[in-house]
Amino acid sequence: MSQPILVGEAINSGYGKFQVLFDVSFNVYENEILVVVGPNGSGKSTLLKTVFGLTTIYSGSIIYKGREVTGLPPHVKARIGIAYLPQTDNVFSELTVRENLMMAAYTLDESEAKDRVEEVLNLYPVLRDRLMYKAKSLSGGERQMLALAMTLVRRPDIIMLDEPTANLAPVVARHLLKKISMLRDEMNKTVILVEQNARAALELGDRALLMVSGRVSYEGFARDLLKDVDLGKRYLGLR
(Lines give C-alpha, C1' and ligand atoms only; values in the text may rest on other atoms or scores of the structure.)
Protein backbone atom coordinates (compact mmCIF):
# COMPACT_ATOMS: atom_id res chain seq x y z
CA MET A 1 0.00 0.00 0.00
CA SER A 2 1.22 3.51 -0.81
CA GLN A 3 2.06 6.17 1.76
CA PRO A 4 -1.03 7.71 3.39
CA ILE A 5 -2.06 11.20 2.29
CA LEU A 6 -3.37 12.02 5.80
CA VAL A 7 -2.20 10.64 9.15
CA GLY A 8 -3.53 11.17 12.64
CA GLU A 9 -1.14 10.22 15.46
CA ALA A 10 -2.31 9.74 19.08
CA ILE A 11 -4.78 12.63 18.94
CA ASN A 12 -6.42 13.87 22.11
CA SER A 13 -8.95 16.61 21.44
CA GLY A 14 -12.26 18.13 22.44
CA TYR A 15 -14.00 21.41 23.11
CA GLY A 16 -12.30 23.61 25.65
CA LYS A 17 -11.69 21.38 28.68
CA PHE A 18 -14.21 18.73 27.56
CA GLN A 19 -12.22 15.89 25.99
CA VAL A 20 -13.94 13.80 23.29
CA LEU A 21 -11.15 11.95 21.43
CA PHE A 22 -8.62 9.78 23.24
CA ASP A 23 -5.37 8.64 21.58
CA VAL A 24 -6.96 8.45 18.15
CA SER A 25 -4.66 7.34 15.32
CA PHE A 26 -5.63 6.67 11.71
CA ASN A 27 -4.37 6.63 8.12
CA VAL A 28 -6.14 7.88 5.01
CA TYR A 29 -4.88 6.79 1.60
CA GLU A 30 -5.15 8.58 -1.72
CA ASN A 31 -8.24 7.90 -3.83
CA GLU A 32 -10.09 5.91 -1.15
CA ILE A 33 -13.28 6.32 0.82
CA LEU A 34 -12.58 5.94 4.52
CA VAL A 35 -15.88 5.40 6.33
CA VAL A 36 -16.15 6.51 9.97
CA VAL A 37 -18.92 4.68 11.81
CA GLY A 38 -19.94 4.14 15.41
CA PRO A 39 -22.71 4.76 17.94
CA ASN A 40 -24.10 8.24 18.58
CA GLY A 41 -21.72 10.34 20.65
CA SER A 42 -18.69 8.23 19.78
CA GLY A 43 -16.63 11.15 18.41
CA LYS A 44 -17.14 10.69 14.66
CA SER A 45 -18.00 14.31 13.87
CA THR A 46 -15.40 15.56 16.35
CA LEU A 47 -12.76 13.62 14.41
CA LEU A 48 -13.56 15.56 11.23
CA LYS A 49 -13.67 18.87 13.10
CA THR A 50 -10.33 18.08 14.71
CA VAL A 51 -8.67 17.39 11.36
CA PHE A 52 -10.08 20.67 10.04
CA GLY A 53 -8.98 22.72 13.06
CA LEU A 54 -12.32 23.33 14.77
CA THR A 55 -11.55 21.74 18.15
CA THR A 56 -8.99 22.04 20.91
CA ILE A 57 -6.12 19.60 20.32
CA TYR A 58 -4.38 18.75 23.59
CA SER A 59 -1.77 16.42 22.10
CA GLY A 60 -0.99 14.35 19.03
CA SER A 61 -0.41 15.39 15.44
CA ILE A 62 -2.05 15.57 12.03
CA ILE A 63 0.20 15.04 9.00
CA TYR A 64 -1.02 15.96 5.50
CA LYS A 65 1.15 15.01 2.52
CA GLY A 66 4.12 14.64 4.86
CA ARG A 67 3.58 18.08 6.40
CA GLU A 68 2.61 18.81 10.01
CA VAL A 69 -0.69 20.69 9.88
CA THR A 70 -1.97 20.15 13.44
CA GLY A 71 -2.17 23.80 14.47
CA LEU A 72 -3.19 25.34 11.16
CA PRO A 73 -6.51 27.23 11.14
CA PRO A 74 -9.41 26.00 8.95
CA HIS A 75 -9.00 28.61 6.20
CA VAL A 76 -5.38 27.55 5.68
CA LYS A 77 -6.31 23.86 5.61
CA ALA A 78 -8.99 24.64 3.03
CA ARG A 79 -6.43 26.44 0.90
CA ILE A 80 -3.98 23.49 0.92
CA GLY A 81 -6.60 20.98 -0.21
CA ILE A 82 -8.62 19.76 2.79
CA ALA A 83 -12.38 20.34 2.58
CA TYR A 84 -14.91 19.85 5.38
CA LEU A 85 -18.64 19.68 4.71
CA PRO A 86 -20.72 19.94 7.91
CA GLN A 87 -24.08 18.22 8.22
CA THR A 88 -26.06 21.48 8.39
CA ASP A 89 -25.58 25.15 7.44
CA ASN A 90 -23.42 24.17 4.48
CA VAL A 91 -25.01 26.48 1.87
CA PHE A 92 -26.12 30.13 1.82
CA SER A 93 -29.90 29.74 2.08
CA GLU A 94 -30.82 33.22 0.85
CA LEU A 95 -28.57 33.07 -2.23
CA THR A 96 -29.42 31.36 -5.51
CA VAL A 97 -27.71 28.17 -6.61
CA ARG A 98 -25.59 30.17 -9.06
CA GLU A 99 -24.62 32.69 -6.37
CA ASN A 100 -23.66 29.87 -4.00
CA LEU A 101 -21.38 28.32 -6.63
CA MET A 102 -19.79 31.67 -7.45
CA MET A 103 -19.23 32.34 -3.73
CA ALA A 104 -17.33 29.05 -3.55
CA ALA A 105 -15.11 30.30 -6.38
CA TYR A 106 -14.50 33.79 -4.98
CA THR A 107 -10.70 33.39 -4.85
CA LEU A 108 -10.49 32.56 -8.59
CA ASP A 109 -10.48 34.90 -11.54
CA GLU A 110 -13.78 35.20 -13.41
CA SER A 111 -12.87 32.94 -16.31
CA GLU A 112 -11.58 30.09 -14.14
CA ALA A 113 -14.54 30.44 -11.78
CA LYS A 114 -16.97 30.00 -14.68
CA ASP A 115 -15.05 26.96 -15.94
CA ARG A 116 -15.13 25.27 -12.54
CA VAL A 117 -18.81 26.02 -12.01
CA GLU A 118 -19.53 24.49 -15.42
CA GLU A 119 -17.47 21.46 -14.38
CA VAL A 120 -19.57 20.78 -11.28
CA LEU A 121 -22.84 21.44 -13.10
CA ASN A 122 -21.91 18.65 -15.49
CA LEU A 123 -21.41 16.38 -12.48
CA TYR A 124 -24.70 17.45 -10.84
CA PRO A 125 -26.99 18.34 -13.77
CA VAL A 126 -30.05 18.72 -11.53
CA LEU A 127 -28.47 21.94 -10.24
CA ARG A 128 -28.36 23.40 -13.75
CA ASP A 129 -32.17 23.45 -13.76
CA ARG A 130 -32.17 25.22 -10.37
CA LEU A 131 -29.56 27.92 -10.99
CA MET A 132 -31.90 30.83 -10.29
CA TYR A 133 -33.64 29.17 -7.33
CA LYS A 134 -32.72 30.22 -3.80
CA ALA A 135 -30.94 27.46 -1.93
CA LYS A 136 -33.64 27.43 0.76
CA SER A 137 -36.18 26.30 -1.84
CA LEU A 138 -34.22 23.15 -2.75
CA SER A 139 -35.04 19.70 -1.45
CA GLY A 140 -32.74 18.19 1.18
CA GLY A 141 -30.97 16.04 -1.40
CA GLU A 142 -30.53 18.97 -3.77
CA ARG A 143 -29.08 21.12 -0.98
CA GLN A 144 -26.51 18.43 -0.18
CA MET A 145 -25.60 18.20 -3.88
CA LEU A 146 -25.17 21.97 -3.96
CA ALA A 147 -22.93 21.80 -0.88
CA LEU A 148 -20.86 19.07 -2.56
CA ALA A 149 -20.67 21.07 -5.79
CA MET A 150 -19.48 24.14 -3.87
CA THR A 151 -16.77 22.03 -2.27
CA LEU A 152 -15.64 20.62 -5.63
CA VAL A 153 -15.34 24.09 -7.16
CA ARG A 154 -12.29 24.54 -4.92
CA ARG A 155 -10.76 21.25 -6.16
CA PRO A 156 -9.71 19.81 -2.80
CA ASP A 157 -7.67 16.63 -2.49
CA ILE A 158 -9.52 15.38 0.60
CA ILE A 159 -13.26 15.84 1.16
CA MET A 160 -14.63 15.20 4.66
CA LEU A 161 -18.39 14.67 4.76
CA ASP A 162 -20.32 14.72 8.04
CA GLU A 163 -23.49 12.61 7.76
CA PRO A 164 -24.55 13.91 4.31
CA THR A 165 -27.58 11.58 4.13
CA ALA A 166 -29.06 12.56 7.52
CA ASN A 167 -32.83 13.23 7.33
CA LEU A 168 -33.01 12.25 3.65
CA ALA A 169 -35.51 9.74 2.27
CA PRO A 170 -33.86 6.33 1.65
CA VAL A 171 -34.04 6.62 -2.14
CA VAL A 172 -32.50 10.11 -2.04
CA ALA A 173 -29.81 8.94 0.38
CA ARG A 174 -28.84 6.07 -1.94
CA HIS A 175 -28.61 8.49 -4.87
CA LEU A 176 -26.39 10.84 -2.88
CA LEU A 177 -24.10 8.00 -1.78
CA LYS A 178 -23.74 7.01 -5.43
CA LYS A 179 -22.66 10.59 -6.19
CA ILE A 180 -20.14 10.36 -3.34
CA SER A 181 -18.69 7.15 -4.81
CA MET A 182 -18.21 9.06 -8.08
CA LEU A 183 -15.85 11.44 -6.27
CA ARG A 184 -13.48 8.49 -5.83
CA ASP A 185 -14.23 6.55 -9.00
CA GLU A 186 -14.40 9.36 -11.56
CA MET A 187 -12.63 12.31 -9.94
CA ASN A 188 -9.89 10.47 -8.01
CA LYS A 189 -10.77 12.27 -4.78
CA THR A 190 -10.04 11.02 -1.28
CA VAL A 191 -13.14 10.98 0.92
CA ILE A 192 -13.62 10.66 4.68
CA LEU A 193 -17.28 9.86 5.23
CA VAL A 194 -19.04 9.99 8.61
CA GLU A 195 -22.31 8.14 8.14
CA GLN A 196 -25.06 6.81 10.42
CA ASN A 197 -26.28 4.26 7.85
CA ALA A 198 -23.44 1.89 8.63
CA ARG A 199 -24.36 -0.88 6.20
CA ALA A 200 -24.70 1.42 3.18
CA ALA A 201 -21.50 3.25 4.09
CA LEU A 202 -19.46 0.08 4.62
CA GLU A 203 -20.69 -1.34 1.31
CA LEU A 204 -19.49 1.86 -0.36
CA GLY A 205 -16.21 2.42 1.47
CA ASP A 206 -12.75 0.97 0.96
CA ARG A 207 -11.65 1.06 4.59
CA ALA A 208 -13.38 1.81 7.86
CA LEU A 209 -12.79 3.38 11.24
CA LEU A 210 -15.07 2.27 14.06
CA MET A 211 -15.27 4.85 16.84
CA VAL A 212 -16.53 3.89 20.29
CA SER A 213 -16.49 6.34 23.24
CA GLY A 214 -13.94 8.60 21.55
CA ARG A 215 -11.49 5.80 20.73
CA VAL A 216 -10.73 3.76 17.62
CA SER A 217 -12.06 0.24 18.10
CA TYR A 218 -11.36 -0.95 14.54
CA GLU A 219 -9.38 0.25 11.54
CA GLY A 220 -9.22 -1.91 8.44
CA PHE A 221 -11.12 -2.98 5.34
CA ALA A 222 -14.76 -1.90 5.32
CA ARG A 223 -15.91 -5.29 4.05
CA ASP A 224 -14.23 -7.03 7.00
CA LEU A 225 -16.07 -4.84 9.50
CA LEU A 226 -19.30 -5.56 7.64
CA LYS A 227 -18.65 -9.29 8.13
CA ASP A 228 -17.74 -8.95 11.82
CA VAL A 229 -20.95 -10.13 13.47
CA ASP A 230 -19.88 -9.22 17.01
CA LEU A 231 -18.75 -5.64 16.33
CA GLY A 232 -21.61 -5.05 13.89
CA LYS A 233 -24.29 -6.19 16.33
CA ARG A 234 -22.75 -4.52 19.39
CA TYR A 235 -21.96 -1.08 17.97
CA LEU A 236 -23.65 -0.62 14.61
CA GLY A 237 -27.02 -2.29 14.95
CA LEU A 238 -26.23 -4.68 12.09
CA ARG A 239 -27.93 -8.06 11.93
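What shape does segment 111-165 have by the C-alpha gyration tensor, where a ≥ b ≥ c are the square roots of the eigenvalues, rounded means a/c under 1.5, and otherwise prolate means a/b greater than b/c and oblate the rest?
Numbers: a/c = 2.19, a/b = 1.06, b/c = 2.06.
Here segment 111-165 falls in the oblate category.
Computed with every protein chain present, the accessible area of Leu72 is close to 40 Å² [probe 1.4 Å].
Among Val172, Val229, Val191, the largest mean-square fluctuation in a Gaussian network model of the chain (Cα springs under 10 Å) belongs to Val229. A simple rule links phi to the HN-Hα coupling: the Karplus curve 6.51 cos²θ - 1.76 cosθ + 1.60 with θ = phi - 60°, which for segment 73-87 gives x, x, 5, 6, 4, 4, 5, 8, x, 10, 10, 10, 10, x, 5 Hz, with x for Gly and Pro.
Under 5 Å from the amide H of Ile5 lie the amide H atoms of Val28, Tyr29, Glu30, each residue being 5 or more positions distant or on a separate chain, with H modelled from the backbone and absent for Pro and chain starts.
For Val216, nonlocal amide neighbours, meaning residues 5 or more places apart or on other chains whose placed amide H falls under 5 Å from its own, are Ser25.
Put simply, the amide H of Ser139, placed in the peptide plane, has no neighbours under 5 Å, leaving out anything fewer than 5 places away on its chain.
What is the diffusion coefficient of segment 100-239 in µm²/s, taking the Kirkwood radius over Cα pairs and the Stokes-Einstein relation at 20 °C with a viscosity of 1.002 mPa s? Intermediate values should be presented prior to the final figure.
Values: Rh = 16.5 Å.
Calculated translational D: 130 µm²/s.
Scalar couplings 3J(HN,Hα) for segment 31-41, obtained by applying the Karplus form with A = 6.51, B = -1.76, C = 1.60 to θ = phi - 60°, are 6, 10, 9, 9, 9, 10, 10, x, x, 4, x Hz; x denotes Gly and Pro.
In the chain the Cα-Cα distances spread across 10 Å bins starting at 0 as 8, 32, 36, 20, 4, 0 percent of all pairs. Each of Asp162, Asp230, Asp206 has its accessible area taken with a 1.4 Å probe; listed largest first, they run Asp230, Asp206, Asp162.
Sparse packing (at most 10 other Cβ atoms within 10 Å of the Cβ) combined with a DSSP loop state is found for the following GluC sites (Glu not before Pro) in segment 28-108: Glu94. Projection of the Cα convex hull of segment 1-121, averaged over all directions and equal to a quarter of that hull's surface, yields 9.5 nm². Of the solvent-accessible surface of the chain, computed with a 1.4 Å probe and all protein chains present, 50% belongs to carbon and sulfur. In the context of the full set of protein chains, the chain has a per residue accessible area of 48 Å² (1.4 Å probe).
The values are calculated or read from the model by the stated rules, or taken from the named source; none is laboratory data. Just so it is clear, the structure is predicted and the values come from calculations on it, not from any experiment. Glycine also receives a Cβ, built like all others from the backbone with ideal geometry; neighbour counts cover every protein chain displayed. Accessible surface is based on the protein model in full, side chains and every heavy atom, while ligands, DNA and RNA are left aside. Shrake-Rupley method; radii C 1.70, N 1.55, O 1.52, S 1.80 Å.
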